[in-house]
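Report on one structure; see the data block that follows.
The values are calculated or read from the model by the stated rules, or taken from the named source; none is laboratory data. Everything numeric here is computed off the predicted structure, so don't read it as measured data. With ideal geometry, Cβ positions are generated from the backbone for all residues, glycine too; neighbour counts draw on all protein chains shown.
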Amino acid sequence: MKVLITGGTGFIGSALIASLQGDGHEVVVLTRSTGRAARKLGSGVRVIEGLGAIANDEMLDAIVNLAGAPIVDRRWSDARKQLLRDSRLQITRDLLRLIERLDRRPGVLVSGSAVGYYGSQDNDHLLTEEADDFVPGFAHQLCADWESEALQAEKLGVRVCLVRTGIVLGPGGALAKMLPAFRLGLGGPIGNGRQWMSWVQLADEVGIIRYLIDQKTLRGPFNACAPEAVSNGEFSRTLGRVLKRPAVLRVPALAMKLLLGEASELLVSGQRVYPRRLLDAGYEFQYSQLEPALEASVKR
C-alpha cells in the first residue's frame, strides 16, 4: 500500500509513518522542509516539497491529511486565525486538485479534525458524532470548514473519514508541555478543574487512522478519543500519581485568559466526547483508561 501523508513530521504523523513502514507500506510525505523531514523520517520515506511531484499516473492507495499550524500555542489575533484556517483549508483544497487529476484515484482520504468541532462546552453532555448541539465559535467553525472541504472528495469517488481528535497523549505533543511543571510538583488543575478533557493515547490515534484506512465500509466523522473522558482535575491528579508528585497547584482561569486571550477557551472549557461510531464499527482501544495511557506515555 502507498500512502501520501501531510503533516508527516509532526507528533502524530511521524508515529503513523513508523507504524506503516513497520508493516512494509510505502510512504510519501508532503513537507515544506524536505531536508529536515528526510533527516527526521529516514531514507525509507519519500519526501516531496509539492504535490506537483506526484505524476498523474502514480497510484496512491490512501491520503492522510494531518497538516495544520498549532492551535493553542499563542493568542488568536486576526492574523493567527487566518493562518490556522489557511494551514488546514488550503492544503485540503490542494489535495482535492491532486485527486481530481490522478488517473486512478485513492480509495480513501483520512482528514484531520478535532473535538473542537463541538465548540467550548461548559456542561456534562455526552457528545457523539451525531451531536448537533455544538457551541458556535472559532474552534467549531475552523473544524466545520475543514471537514466540509475534505468531504468534497466524496464527489470525486473517494471515501472520506474525518478524525475528530482529542488531546493526544504520548512522548510529545500537549503532554510534553505539561510534564516539566508536573515533574517539579508544580502542576495542577486549570481553573475550577471541572472542564472535560477528551483524550487518546498516541498508539490508539495511529491505530484509529489505520483502521479507517483498512475498513472500506467506514466513512464520515469519527471521534478519535478514548471512551472515558475525564475532568481536568482528575487528569491532573492522575498525572501527579503516575509521576509520584503532588498536583494541587491550581492555575487560575484568569491567568490563562490573560496569557492566551480567546485561545484560552481550549483550556478552560472542554467537551465530553464519546467515540460511538468507532466502537460500533468494532475498533478496540489499546488504552481506554487514563492511568495506563499516561504511564505508557511518560515511560516512553
*Being without any contact (Cβ under 8 Å) to a residue 24 or more places away in the chain and either in contact with a helix residue (DSSP H, G or I) (Cβ under 9 Å, 6 or more places away or on another chain) or surrounded by 21 or more Cβ atoms within 10 Å (Cβ to Cβ) (or both), is that true of even one residue in region 175-194?*
yes
*Here is a list of conditions, (1) over 24 Å from L218 (Cβ atoms); (2) surrounded by fewer than 14 Cβ atoms within 10 Å (Cβ to Cβ); (3) modelled with pLDDT of 95 or more, and E100 meets all of them except one; can you say which number that is?*
(1)
*asked:* Contact list please: Cβ distance under 9 Å, first residue in region 12-36 and among the polar types (S, T, N, Q), second residue surrounded by fewer than 16 Cβ atoms within 10 Å (Cβ to Cβ) and in a loop (DSSP other than H, G, I, E, B), pairs at least six apart or on different chains.
replied: Q21/G42; Q21/G44; T31/E49; S33/E49; T34/E49
_Residue ID - farthest from R85 (Cα to Cα), chosen from residues in region 110-167 that are in contact with a Leu (Cβ under 8 Å, 6 or more places away or on another chain) and polar (S, T, N, Q)_ = Q121
*Positions within region 18-48 being exposed (fewer than 13 other Cβ atoms within 10 Å of the Cβ) and either of a type in the set (A, V, I, L, M) or more than 20 Å from the chain's Cα centre (by Cα) (or both), in sequence order*: G22, D23, G24, S33, G35, R36, R39, G42, S43, G44
*Answer with yes or no whether S269 is without any contact (Cβ under 8 Å) to a residue 12 or more places away in the chain and under 20 Å from Y117 (Cβ atoms).*
no
*Residue ID - nearest to L175 (Cα to Cα), chosen from residues in region 65-84 that are among the hydrophobic types (A, V, I, L, M, F, W, C) and either in contact with a Gly (Cβ under 8 Å, 6 or more places away or on another chain) or modelled with pLDDT under 95 (or both)*: V72
*Complete set of residues in region 223-256 that are part of a loop (DSSP other than H, G, I, E, B) and crowded, with 20+ Cβ neighbours inside 10 Å*: C225, A226, A229, A247
